[in-house]
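Scroll down for the structure; my scribbles are underneath it.
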Amino acid sequence: MYPNLELEMFRQKVTTKQLAEACGISESGMRNKIKGRNEPKLPEIKAISEKLGCPWEYLFARENEQGKAV
């Protein structure tokens, strides 16, 4: 799971569908990547970072055991 990615999507009112379109993948495929079920590919990471205007290192930080982004 990528909590910072979900937070930025919420803040900027960007939908899963909009990110999927920016990456050229299906909405369900994007949902799986956001939830951490599938790893995003480098071109997808770049497209998401560009769409949200945030560094990829921030967006794709994972949760640690306490539920905080690392």
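What are the ³J(HN,Hα) values, in whole Hz, obtained from phi via the Karplus relation 6.51 cos²θ - 1.76 cosθ + 1.60 with θ = phi - 60°, for each residue of the stretch 6-14 in sequence order, with x given for Gly and Pro? With coefficients 6.51, -1.76 and 1.60, one gets 5, 4, 5, 4, 5, 4, 8, 6, 9 Hz.
If you average 1/r over every pair of different alpha-carbon atoms in the stretch 5-64 and take one over that average, what Kirkwood value in Å do you get?
Details: mean 1/r = 0.0884 Å⁻¹.
Over the stretch 5-64, the inverse of the mean reciprocal pair distance is 11.3 Å.
Counting other Cβ atoms within 10 Å as a rough exposure proxy, the listed residues M1, M9 run M1, M9 from fewest neighbours to most. Highest GNM mean-square fluctuation among E44, E27, E57, for the chain modelled with Cα contacts below 10 Å: E57.
Estimated from helices alone, the mean residue ellipticity of the chain at 222 nm is -16000 deg cm²/dmol (sum of -39500 (n - 2.57) over DSSP H runs with n ≥ 4, per residue).
Here, each number is a calculation from the coordinates, and none is a lab measurement. Every value quoted in this text rests on a predicted model; they were computed, and no experiment measured them. Backbone-built Cβ (ideal geometry, glycine too); neighbour counts: all protein chains shown.
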